[in-house]
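Below: the structure, in structure tokens.
The values are calculated or read from the model by the stated rules, or taken from the named source; none is laboratory data. The shown structure was predicted, so the numbers you read here are calculated from the model rather than taken from an experiment. We place every Cβ from the backbone using ideal geometry, glycine too, and count neighbours over all the protein chains shown. Ligands, DNA and RNA are stripped out before the accessible areas are found, and what is left, the full protein with its side chains, is counted by its heavy atoms. Shrake-Rupley method; radii C 1.70, N 1.55, O 1.52, S 1.80 Å.
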Amino acid sequence: MTIEEKILQMTQWTYGKNANANNIEASKKAVRPEIGSLIYRSVNPVYRNEIMRKAMEQSRLGIPILMGFDVIHGFRTIYPIPLAQACSWNPNLVAKAAAVAAKESKLSGVDWTFSPMIDVARDPRWGRVAEGYGEDPYTNAVFGVASVKGYQGKNLSDTFSIAACLKHYIGYSLSEGGRDYHYADVSAQTLWDTFMPPYEAGVKAGAATLMSAFNDISGVPASANHFTLTDILKQRWKHDGFVVSDWGSIENLIPQGFAKDRKDAALKSFTAGVEMDMVDNIYADNLPLLLKEHRISMKQVDDAVRRILRLKFKLGLFDKPYVEELPEKDRYYQPESMAIARKLAEESMVLLKNDGQTLPIAHNIKQIALIGPMVKDSINIMGSWEGQGMPSSVETIFDGFKKEFQGKTTLNFAKGCDFDGDDESGFNEASIAAKKSDIIVLCLGEMEKWSGENATRSTLALPVIQQHLFSILKQSGKPIILIISNGRPIELGSLNRLSGAILEIWQPGIAGGSAVAGIISGRLNPSGKLAITFPLTTGQIPTYYNMRQSARPKLGGYQDISSEPNYWFGHGLSYTTFSYSKITLSDSIISKNKNLIARVEITNTGLRDGKETAMWFISDPVASVTRPVKELKFFEKKNLKAGEKQTFQFEIDPIRDLSFPDANGVRHLESGEFYIMLNEQKVKFELVD
Ligand code: BGC
């Protein structure tokens, strides 16, 4: 390969945004046939095949182009946002959703998704908290691996497999104040305790690529960080795939104060270990000169190109560069993907509060006031990064209620107000609807653009207009069931106390409507549990369950409010009740090379079937590096019929579950006392040498 051919392989452009017949020819013409990758923004496989034909037939070497796209929670069939998916505690379902998303993507011309995002997120002001799996490293690891496996299938060369991309490597979610793209002060200990575990798990699971983040990690930007990109990723973890920069993150080294110009930025990112440049053309413009000046070597370039070509071979693109050109009706919304979209929406909704069994609503209810800006919404309910989702395909909350209650209950709809602003002209109509109904179902929440990228908020509270609508309706004296749809935890304030029941539906995607209605009517029993803590107020941030211990545990709380959050990680109610037996351990003293088995029997003591997730935590009260108060190490969700009892088991592998990393990432296993924690129980065992 010539130098130019090599460096074009390391370059990604975009293609297909204006993919209508008038524009596509010009943009097709502009693409170099030697280009390594394109962000492919069309849904049309014909355009992919045409541009691919250009690469295969008009370039000297006939190297296929790698088509990438942000398939974050579905391609056209849009699932709940990733944060919601984690609340399902059902990684198998998440893997299936990723597999179906991969199929829809491939059939549209996409070979590579920029997903999953596994940035452990503990500051919900940061809008991208919606895109990952919450506040816990283990949860991010499990769901990250599930989606990698779903996207990549058994083999990358399978017809409907696409390559995954772990992002954003690394420390991005710690951007100061939740302000996107800002500096992140990540201590070496936090790096290893919190951020590395999901990436290490994803790399071990075979993730083909990683994306280097925008943020500056304690003085060295993530997209020019030799330590994380080369020492750890390539040398320690032996990753043989490649790293793509984030959008323009190489050029961003200039405003970050790490590079003096584009050439310097290209040099720093490339030598740190970023193999592909996303959209900047910064490698194409500068690497040839840097080679000539011997600032980089051909060996380094060859390694980068080899990594990129290896993926193209693994995906089978050389043998099968073209995709089938099926009509849209055969590509999208197939029964299997709709079934998954529905199930994932159902399982990810979290019943936060249910006073006096407000829910499910009683059978004798004749009229429901269905109020709020979210009721008929078909855009925001999909959430940010909605891929190629179409509002016209969305089943709104209103649609779901109509189907659920048709012929049984009258629905009195009123929008009440918008998501934001100060127009109260709809309040009157909402009050009238409330007065003539037996119960109010109030659907509030966030617009999709309030979370996701570049979507930082200074408060987690809902806008004043929505809170005001709530107070007006409260005056009717009718019970309020609050449904919230959002991309981050919400500061509920007095809405928490004044609502009879609260259902967190997140941004549930295109099949959310019937899931909400089914839970409200009682046809479905909610089983989601929070993968992220809901602080009481924004001022409590950061609040997450696996915090470290305080020097004076009884002191240091807030003077003006409780120090307890509103709802902890793991919280979620059901319409049935579960009782837990005492935990039994196979031993109370174990050696370092012996596994310990913990068991519990969980009985469904209520009158209806339900799913329960057992969350097993470990606490290590004394260690040479202090440990969090507790850490999730295993979870399992099972369906229990009314009256049924099942055994849940956690096999503790000391090396995996009881060891901890130091600031260099070296793991230590220290003897001493440990506790296993589940629900309210805490049982001691000892690890001996
Ligand atoms: C985002 C990435 C995304 C990329 C490509 C960037 O701005 O940070 O998450 O994958 O754009 O669209």
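Ordered by 1.4 Å accessible area with all protein chains kept, SER476, SER392 run largest first as SER392, SER476. The stretch 365-400 and the stretch 408-428 have Cα centres separated by 14 Å.
With a 1.4 Å probe and all protein chains left in place, how much accessible area per residue does the stretch 322-438 have, in Å²?
On the way: 5600 Å² over 117 residues.
Heavy-atom accessible area per residue stands at 48 Å².
Out of the stretch 451-549, which trypsin sites (Lys or Arg not before Pro) are coil in DSSP terms and have no more than 15 other C-beta atoms within 10 Å?
ARG523
Among the protein heavy atoms, those of LEU315 account for about 10 Å² of accessible surface (1.4 Å probe, every chain in place). Computed from the C-beta positions of ARG236 and ASP285 and an R0 of 30 Å, the FRET efficiency is 0.40 to the nearest 0.05.
Counted residue by residue at 0.36 nm each, then reduced by the alpha carbon distance between them, the extension gain from PHE227 to THR584 reaches 124.2 nm.
Annotation: per residue accessible area for the stretch 474-618 equals 39 Å², rounded to a whole number [probe 1.4 Å, protein chains only].
In units of the rule-of-thumb radius 2.2 N^0.38 Å, the stretch 611-657 shows an alpha carbon radius of gyration of 1.49. Across the stretch 1-28, the residues whose backbone nitrogen lies under 13 Å from the label position 7 Å along the beta-carbon direction of LEU61 are 1-11. Can you give me the Cα centroid spacing of the stretch 80-102 and the stretch 263-327 in angstrom? Centre-to-centre (Cα) distance: 31 Å. The stretch 183-258 and the stretch 154-168 have Cα centres lying 20 Å from one another. Take LYS28: with every protein chain present and a 1.4 Å probe, its accessible area is about 20 Å². Taken over the stretch 419-508, the percentage of Cα pairs per 5 Å bin, counting from 0 up to the bin with the maximum distance, is 3, 13, 25, 24, 19, 10, 4, 1, 0.
Heavy atoms of the protein chains alone define the surface here; on that basis the stretch 102-159 has 20 Å² accessible area per residue at 1.4 Å probe size.
Determine which aspartates and glutamates satisfy two conditions relative to LYS682: a Cα distance under 17 Å, and not lying fewer than 8 residues away in the same chain. Correct list for LYS682: ASP587, GLU601, ASP620, GLU631, GLU651, ASP657, GLU673.
In the chain, one over the average inverse separation of all distinct C-alpha pairs is 26.4 Å, which is the Kirkwood hydrodynamic radius.
Global size of the stretch 326-454: 16.8, 53 Å for Rg and Dmax (C-alpha atoms, Rg to one decimal, Dmax whole). Among LYS353/LYS633; LYS353/LYS436; LYS29/LYS376; LYS611/LYS633; LYS103/LYS630; LYS474/LYS637, which pairs are too far apart, with a Cα-Cα distance over 31 Å? Where the Cα-Cα span goes over 31 Å, the pairs concerned are LYS29/LYS376; LYS103/LYS630; LYS474/LYS637. Between VAL666 and LYS554, the C-beta separation translates, for a Förster distance of 60 Å, into a calculated FRET efficiency of about 0.95.
Using bins of 10 Å that start at zero, the share of Cα-Cα pairs per bin across the stretch 393-547 amounts to 10, 38, 38, 13, 1, 0, in whole %.
Using bins of 10 Å that start at zero, the share of Cα-Cα pairs per bin across the stretch 92-202 amounts to 16, 43, 28, 13, 1, in whole %.
Carbon and sulfur atoms: what percent of the 1.4 Å accessible area of the chain do they account for?
Details: 13120 of 26210 Å².
So the carbon and sulfur contribution to the accessible surface is 50 percent.
Pull up the DSSP beta bridges for the chain and report the antiparallel fraction as a percent, rounded to 5. In the chain, DSSP labels about 50 percent of beta bridges as antiparallel. Descending by average beta-carbon neighbour count within 10 Å, the peptides 111-122, 79-90, 158-169 line up as 79-90, 111-122, 158-169, the highest first. Here each label is just a point 7 Å from Cα along the line to Cβ, and for TYR322 and ARG179 those points are 5.2 nm apart. Summarising the label geometry, the points placed 7 Å from Cα in the beta-carbon direction at TRP568 and GLN681 lie 1.6 nm from one another.
Counting 0.36 nm for each residue step from ALA21 to VAL220 and taking away their Cα separation leaves a gain of 67.2 nm. Per-residue surface analysis assigns LEU498 an accessible area of about 50 Å², computed on protein heavy atoms at 1.4 Å probe radius.
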